[in-house]
Amino acid sequence: MSKKKDGHRQNIQDVYIAVTGITGAGKSEFIRFCTDREVVVGDGLISQTSEVEDWTFMYNPVLRVHLIDTPGFDDTNKKDVEVLRDIAGWLVTTDSEVRLCGICSCSKKLCGPECLRGIVLATTMWGLVNPDDGVKRENQLRSTDDFWGEMEKGGSRVMRHLRSKESAMAILGVIIQHGHPMLLKIQDEMINEGRGLEDTGAGIKVNEDLIEADRKYKAELAALKEDMKEADEASKREIAELMRKQQAEIDENERQRKKLETNMAKLEADRARDLKALEEKLAEQASNLQKKEKAISDFQESLKKREAADTIDRAEKARLNEKLEEMKQDRATEVSQLRAAVEQAKRKSTGFFDSVCDFFSDLFDDLFS
C-alpha cells in the first residue's frame, strides 16, 4: 500500500490487487461489478483480456483501489508462456506493491507461501450449477492440497462470488482488511534473487507443462510414423497432414520455451519499448485530431467571410453547413476514440503515462471549451 496526495492535500492510499485465473473464470465481470465501469466481459471460453490492465476506482474518500486485470492461463488468444511474461513484466517493472486476489488457478506459484494470507480464492458461476453439485465441487477444491487445500491451510480465504456488486465488494473488503502489502514470490525471485523467468516457480511449472505436452506430441508423432508404413495412398496423405500438425506443435513449444528465457532487465526493456510505441501512436492520433480541429476552424472562418461579403446563395450555404456538421461529427468520433485509447493506455501502464495523459486532458478541454 502506498500513499499519495491529491490536489486537496488529502492523503490517498493506493492498494493494488491482482485478479488472476483461467479464461472464463469471471475476472472481467468481477472488475466491472467493483468499478461500475464498462469492462468487456466474455460470454464463454473466449478471452476478453489480452494484456495486463489497471482498473482504478475510489473505494472510499481516502482509499484508491487498483484492480489489475490479467489475461487468463489457458487463454484462447495467448500461450501460457506469453501470459506469464505479461504478468511477470507488469509485476517486476511497475513501481507498486501488489496485493493478490486469486479467482482461481496458478496463484500459489506466483505468490509463494508467505503471501497466502492476502489471497481470496473465489468460486464463481454458482447460478450455472445445481447448488448441491456446486458445494461438492467447492469441498473438493478445499479438501485437496493440490487444488486449494494447501492454500487455505496457509491462510487464504475461500469465498463465493455470486455475480453481484455486493458480493464483489465483500471479497474486496476481505483483501483490503489484510492490512499490509506483500512481495510476491515471482517478484522476490526476479528482483531480489536475480532469477530469469524460466527459473522462477511459475516459470518452472509452465516449462513442465510444455515438456509434458512435448512428450504427448512426440508419442503421437511416432505412432503416426508407424501407421504411415502400412497405409494406402489416400490414408498417407491424411497421416502426413496430421504429422505436419504434430510437428508444428512441437516446434511451437520450443519457441515458447525460448520466450521463457528472459530476466528483469529484458522485461523492463520490452515494457519500455512497448509503452514508448504506444505513446508515439497516441501522439500521432492527437496530432491528426488537432489538424482536423484547425481544418474545421478554417472552414468556419471562410464560411463567415463569404456570408459577410454576401457571396454565397442559400443552397450553397446549406451545402457548406452540412459539410461542416459532417466534419464536426467526424472529429467527435475521433475524440471519443482517442479518449478510449488514452484510458486504455493508462490502464496498461500504471504511472508511466501520467504526464502524457495531462497533455491529452488539456487537449480535450481545449477542444470542448
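Among residues that are charged (D, E, K, R), in a helix (DSSP H, G or I) and outside the structural domain of Y59 (by TED's automatic domain parsing), E152 is not included. Note on segment 142-173: residues that are among the small types (G, A, S) and within 24 Å of the chain's Cα centre (by Cα) total 6.
Got at least one residue in segment 177-188 being over 30 Å from K236 (Cβ atoms), part of a loop (DSSP other than H, G, I, E, B) and at pLDDT 90 or above? Within segment 177-188 (the criterion being over 30 Å from K236 (Cβ atoms), part of a loop (DSSP other than H, G, I, E, B) and at pLDDT 90 or above), the answer is no, since none of the residues qualifies. Of the residues screened, L320 is not one that is outside the structural domain of K216 (by TED's automatic domain parsing) and either within 28 Å of K205 (Cβ to Cβ) or in contact (Cβ under 8 Å) with a residue 24 or more places away in the chain (or both). Quick check: is even one residue across segment 116-123 surrounded by fewer than 23 Cβ atoms within 10 Å (Cβ to Cβ), modelled with pLDDT of 90 or more and assigned to a helix (DSSP H, G or I)? For segment 116-123, residues surrounded by fewer than 23 Cβ atoms within 10 Å (Cβ to Cβ), modelled with pLDDT of 90 or more and assigned to a helix (DSSP H, G or I): absent.
Considering only residues of segment 20-40 that are of a type in the set (S, T, N, Q) and outside any helix (DSSP H, G or I), which is surrounded by the most Cβ atoms within 10 Å (Cβ to Cβ)? Looking at the filtered set, the residue picked out is T20.
From the list N288, N253, the one residue that fits, being among the polar types (S, T, N, Q), assigned to a helix (DSSP H, G or I) and modelled with pLDDT of 90 or more, is N253.
Looking across segment 74-86, the residues that are surrounded by fewer than 23 Cβ atoms within 10 Å (Cβ to Cβ) and either out of contact with any helix residue (DSSP H, G or I) (no Cβ under 6 Å at 6 or more places or on another chain) or modelled with pLDDT under 80 (or both) come down to D74, D75, T76, N77, K78, E82, R85, D86. For the condition in a helix (DSSP H, G or I), at pLDDT 90 or above and either surrounded by 11 or more Cβ atoms within 10 Å (Cβ to Cβ) or of a type outside the set (S, T, N, Q) (or both), E322 qualifies. As for segment 246-265, it holds no residue that is among the acidic types (D, E) and farther than 30 Å from A88 by Cα. Yes or no: R157 touching a Phe, Trp or Tyr at 6+ places or on another chain (Cβ under 8 Å), at pLDDT 85 or above and assigned by TED's automatic domain parsing to the domain that holds Y59? No.
The values are calculated or read from the model by the stated rules, or taken from the named source; none is laboratory data. Nothing here was measured: the structure is a model prediction, and the numbers come from that model. Every residue, glycine as well, gets a Cβ built from its backbone with ideal geometry; the counts of neighbours run over all protein chains shown.
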